[in-house]
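*Asks:* To start, I am sharing the structure in question, which I have written as structure tokens.
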Amino acid sequence: MRIRLPLAAGALLASLSLASCAADASPQSAPTSPAAPQTTEPAPAATATSAPPEESTPEPVADPTCETIISSGTAEALTEQGWTSEQEEFRIGETLVEEGLLCMWADFSTASDHGQMYAWGPISAPSAETAMAGLQRDGWLRSSAGGRQYFTEDPAYALATDSDGFGMTYEFGDGWVKFADTKQSLLLIDWEG
């Protein structure tokens, strides 16, 4: 029996996110003091200050790691299960995704075919076009949604599929690419770069 813990962790994370967005249902009390009397005197004139506006320095973005490209809840769930990650270079066929990483999560202390794969990397438009052409040439199925391109392995040859029948899938966005062992697992990759 195969445990889909990352998918369950993603669903739990989504429901917790929605619950935290719910509006406060406590009733608002009406003011009990009488309204202030109206005056006809002019308001004081605004004075200019010479203090410079506060400048905020953006925090530097850390390099992606196997623990940071996926949601923190997913990383925690995998770690609690006793799994660790191994990082490899991220390739799409012959195309190397520079500064990208492919992460394999599993219990490497035991011989098993159970594991999860997640990848993310920045990609230039020419490299993305080359990679997508290679995937299409190799028989991957192309679809698009929301301005993004998806390439999924033919389900007839997939080792594992999600509830919608999708196996390994690449998602190409504006300047980045993701990969997971199922299309639904792409939702667990939340690295923004």
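*Asks:* For Glu98 and Arg142 in one chain, what is 0.36 nm times their gap in residues minus the Cα-Cα distance, to one decimal in nm?
*Replies:* Difference between extended and current length: 13.5 nm.
*Asks:* OK, next. Would you mind calculating the relative contact order of segment 108-193 from Cα pairs under 8 angstrom and at least 6 residues apart, reporting the percent as a whole number?
*Replies:* Computed over segment 108-193, the figure is 31 percent.
*Asks:* Please sort by residue number the chymotrypsin sites (Phe, Trp or Tyr not before Pro) in segment 99-191 whose DSSP state is loop and whose Cβ has at most 15 other Cβ atoms within 10 Å.
*Replies:* Taking segment 99-191 and a limit of 15 other Cβ atoms within 10 Å, the loop chymotrypsin sites (Phe, Trp or Tyr not before Pro) found are Phe108.
*Asks:* May I pose another question? Starting from the 7 Å offset along Cα-to-Cβ, what nm value, one decimal, do you get for the label separation of Gln149 and Thr79?
*Replies:* 3.6 nm
*Asks:* For segment 129-141, in order, what is each residue's ³J(HN,Hα) by Karplus, 6.51 cos²θ - 1.76 cosθ + 1.60 with θ = phi - 60°, in whole Hz (x at glycine and Pro)?
*Replies:* Calculated HN-Hα couplings, in order: 4, 4, 5, 5, 5, x, 5, 5, 4, 7, x, 6, 8 Hz.
*Asks:* What's the local net charge at Gly167, with K and R +1, D and E -1, over the other residues with C-beta under 10 Å away?
*Replies:* -3
*Asks:* Probe of 1.4 angstrom, ligands and nucleic acids ignored: what's the accessible area per residue over segment 146-193, in square angstrom?
*Replies:* Result: 49 Å² per residue.
The values are calculated or read from the model by the stated rules, or taken from the named source; none is laboratory data. Bear in mind that the values here come from a model prediction, so they are computed numbers and not experimental data. Counting neighbours? That spans all protein chains shown, and the Cβs are built from the backbone with ideal geometry, glycine included. Ligands, DNA and RNA are excluded from the accessible area calculation, which covers all protein heavy atoms including side chains. Shrake-Rupley method; radii C 1.70, N 1.55, O 1.52, S 1.80 Å.
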